[in-house]
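The values are calculated or read from the model by the stated rules, or taken from the named source; none is laboratory data. Because the structure is predicted, anything quoted here is derived from the model rather than measured. Cβ atoms come from the backbone with ideal geometry, glycine included; neighbour counts cover every protein chain shown.
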Amino acid sequence: QIVQMARDAGARKVYLASAAPPVRYPNIYGIDMPAAEELVAHNRSVEEIEAHLGCDWLIYQDIEDMEAAVSEGNPALRSFDSSCFNGHYPTG
């Protein structure tokens, strides 16, 4: 809806940027999230998500860069749960 609103307001190009990687998997540890099939990024490439959203360019944060930024911000953190981005659940 945001993309269409921007176009209706006269935008010729619509670029979207996310400070997080694409959320491709649900959180199974108690955070209320949609099922995997309901997530816009589940089983879609960035290009497919662009087409689905109708935007001209979509930019996501890389998981590795996000992890590096978090580690730099708090060196005491050795690992953290990024399962909603990569599907690797710490408890298996």
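Summary of values
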{"read-out": "Qualifying residue in segment 19-42 (condition: under 18 Å from Asp81 (Cα atoms) and not in a loop (DSSP other than H, G, I, E, B))", "value": "yes"}
{"read-out": "Check on Tyr15, in contact (Cβ under 8 Å) with a residue 60 or more places away in the chain and hydroxyl-bearing (Ser, Thr, Tyr)", "value": "no"}
{"read-out": "For Ile49: the one exception among (1) within 27 Å of Asp8 (Cβ to Cβ); (2) in a loop (DSSP other than H, G, I, E, B)", "value": "(2)"}
{"read-out": "Among residues of segment 41-63, those that are under 20 Å from Gln1 (Cβ atoms) and acidic (Asp, Glu), counted", "value": "3"}
{"read-out": "Test result for Glu50, surrounded by 14 or more Cβ atoms within 10 Å (Cβ to Cβ), at pLDDT below 95 and among the charged types (D, E, K, R)", "value": "no"}
{"read-out": "Residue within segment 76-86 that is at pLDDT 95 or above and among the aromatic types (Phe, Trp, Tyr) present", "value": "yes"}
{"read-out": "Residue check for Leu39: without any contact (Cβ under 8 Å) to a residue 60 or more places away in the chain, closer than 25 Å to Thr91 by Cβ and within 11 Å of the chain's Cα centre (by Cα)", "value": "yes"}
{"read-out": "From Cys55, Cys84, residue being assigned to a helix (DSSP H, G or I) and in contact (Cβ under 8 Å) with a residue 40 or more places away in the chain", "value": "Cys84"}
{"read-out": "Residue under evaluation Lys13, criteria (1) under 15 Å from the mean Cα position of the chain (by Cα); (2) of a type in the set (D, E, K, R); (3) at pLDDT 95 or above, criterion not met", "value": "(1)"}
{"read-out": "Some residue of segment 26-40 being surrounded by 11 or more Cβ atoms within 10 Å (Cβ to Cβ), in contact with a strand residue (DSSP E or B) (Cβ under 9 Å, 6 or more places away or on another chain) and closer than 25 Å to Gln1 by Cα", "value": "no"}
